[in-house]
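The values are calculated or read from the model by the stated rules, or taken from the named source; none is laboratory data. Because the structure is predicted, anything quoted here is derived from the model rather than measured. Neighbour counts are summed over all protein chains in view; Cβ atoms, including those assigned to glycine, are modelled from backbone coordinates with ideal geometry. For the accessible areas, the whole protein counts, side chains as well, though only heavy atoms, and no ligand, DNA or RNA atoms are used. Shrake-Rupley method; radii C 1.70, N 1.55, O 1.52, S 1.80 Å.
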Amino acid sequence: MAFKTEYEFELPRGYVDDNGTLHKKGVMRLATAADEILPMRDQRVQQNPGYLTIILLTRVITNLGDLRAIDTRVVEKFFTADLAFLQNFYRQINEMDAPRVHTSCPKCEHEFDVDVSFLDEMA
């Protein structure tokens, strides 16, 4: 089984291009460290931190309908429902769930799952 780096999505409303064509189906790839760090240097993000979402989505959306490229002008024209959907989708595919271990109590033998997050120990 190969490691999955790209995920298909369908926008709730869809992007309407300048020709009136509706684009709903797309692909988003996993984000890299550079995807999250480099936009912080962008003047638009420094002036308005909310713009980070726009730039970040332009970097990770690899396909949207028949569009040749996804740039900030495209993302800026997304309906708010689609922008919220994509923000949530980004979090879903990029956040790592805490590993779980199935175990049992040595005294009563009750079985249960435990979240094992090694990152929490470092804080």
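How many percent of the accessible area of the chain is carbon or sulfur, using a 1.4 Å probe? Exposed carbon and sulfur together represent 52 percent of the surface. 3J(HN,Hα) along the range 105-111, derived from phi through the Karplus expression 6.51 cos²θ - 1.76 cosθ + 1.60 where θ = phi - 60°, amounts to 6, x, 8, 9, 6, 5, 8 Hz, with x in place of Gly and Pro. A simple charge model with +1 on the Cβ of Lys and Arg, -1 on the Cβ of Asp and Glu and nothing else charged puts the dipole of the chain at about 480 debye relative to its Cα centre. Could you point to the label whose value was computed as percent of Cα pairs over 16 Å apart for the structure here, given [x] 74; [y] 69; [z] 59? The value matching this structure is [y]. Dividing the summed helix terms, -39500 (n - 2.57) for each DSSP H run of n ≥ 4, by the number of residues in the chain produces a 222 nm estimate of -9000 deg cm²/dmol to the nearest 500.
Number of Lys-Lys pairs in the chain with C-alpha atoms under 23 Å apart and a separation of 8 or more places or on different chains: 4. Residue separation of K77 and K4 scaled by 0.36 nm, minus their Cα-Cα distance, works out to 23.4 nm of gained length. What the phi angles of the range 40-57 give under the Karplus curve with 6.51, -1.76 and 1.60, with θ = phi - 60°, is a coupling list of 5, 7, 5, 4, 5, 6, 5, 7, 9, x, x, 6, 4, 4, 4, 5, 4, 5 Hz, glycine and proline written as x.
To the nearest 10 degrees, how steeply does helix 80-94 sit against the main Cα axis of the chain, on a 0 to 90 scale? Between helix and principal axis, roughly 40 degrees.
With protein chains left intact and a 1.4 Å probe, residues in the range 6-98 average 63 Å² of accessible area per residue.
Evaluated with a Cβ-only charge set (Lys, Arg +1; Asp, Glu -1), the range 18-71 carries a dipole of roughly 100 debye about its Cα centre, given to the nearest 20.
Pairs of Cα atoms nearer than 8 Å and 6+ residues apart set the relative contact order; for the range 5-72 it is 31 percent.
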